[in-house]
Structures are given as structure tokens and as C-alpha cells.
1. Under a crude label model (7 Å from the Cα following the beta-carbon direction), how far is residue 77 from residue 96 in nanometres?
2. Which order do 36, 71 take by accessible area at a 1.4 Å probe, largest first?
3. For residue 86, what accessible surface area do you get with a 1.4 Å probe? Give it in Å², rounded to 10.
4. Using a cut-off of 25 Å between alpha-carbon atoms, which lysines can reach residue 3, once sequence neighbours fewer than 8 places away in the same chain are excluded?
5. Ordering 73, 62 by accessible area with a probe of 1.4 Å, largest first, what comes out?
6. Can you give the log10 of the normalised intensity I(q)/I(0) at q = 0.13, 0.21, 0.32 Å⁻¹, computed with Debye over equal Cα scatterers of the range 49-98?
7. For the range 1-94, report the accessible area per residue in Å² (1.4 Å probe, heavy atoms, rounded to an integer).
8. Of the listed values (i) 2, 13, 26, 27, 20, 9, 2, 0; (ii) 2, 12, 19, 20, 17, 12, 9, 6, 3, 1, 0; (iii) 2, 11, 16, 15, 11, 8, 8, 7, 7, 6, 4, 2, 1, 1, 0, grab the one calculated as P(r) over Cα pairs in 5 Å bins from 0, in percent from the structure here.
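The values are calculated or read from the model by the stated rules, or taken from the named source; none is laboratory data. Quick caveat: nothing in here was measured; it's all calculated off a predicted structure. When we count neighbours, we look across all protein chains shown, and the Cβ atoms used for this are built from the backbone with ideal geometry, even at glycine. SASA here: full protein model, heavy atoms, side chains in, ligands and nucleic acids out. Shrake-Rupley method; radii C 1.70, N 1.55, O 1.52, S 1.80 Å.
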Amino acid sequence: MTKNKINIWFLSAYTLALTSLLYFGLNSLVINAIGDTFPNIKFLTVLVLMIVIAWSMGLGVRHYLNSFTKDLRNKFKNSFLATTLMSWIIVLVLFTVT
């Protein structure tokens, strides 16, 4: 597999993981916030899990980006920024539709 294909796979996996995390995490937070008591243990658990997973994903992306040269790193930072924005838009559309 060439380096370019590996980069595309990594970017695709990042987009899918971020979209899934945002959709299911935010959906769980909304459902748990509507409960009888607030904040309940489920809400806090989901919130902590979202923070830990997002932080871990950020560290992984940072480590991945630091393996590139300076000019290539800037190109991939822009790609990750674009896919993050695309993930947020997808999640907003999914919340609007469902």
C-alpha cells in the first residue's frame, strides 16, 4: 500500500470515528439530560467517555501529523480540519433528520 492510500484510509477512519462519537455521544447526552434527575450517573459517564475518547483521538492525530515534514504537515492539518467540519455538518444533518 502506498503512503497516499494509507493517508486516505487514516483520514477516512478519523472522519467515521469522529462522526460516530459525536452523533452517539451527543444523542446519549440529550437523552440522559431529559431524565428525572440531572445530572445523573449515565449523563456523567457518557460525558467523561466522550472527553476521554476525543482526547485520545486528538493525541493520535497529533502524533500522526508530527511524523510528516513541515510543509506536508500543514497540508494534512487542513485536511483534518476540513473532515472535522464535515463531521459536524453530518451530525447536525442527522440530528435534523431524526
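1. 3.1
2. 36, 71
3. Looks like 90 Å² after rounding.
4. Answer for residue 3, where 25 Å is the Cα cut-off: 70, 75, 77, listed by chain and number.
5. From most exposed to least exposed: 62, 73.
6. -0.42, -0.84, -1.08
7. The answer is 71 Å² per residue.
8. (ii)
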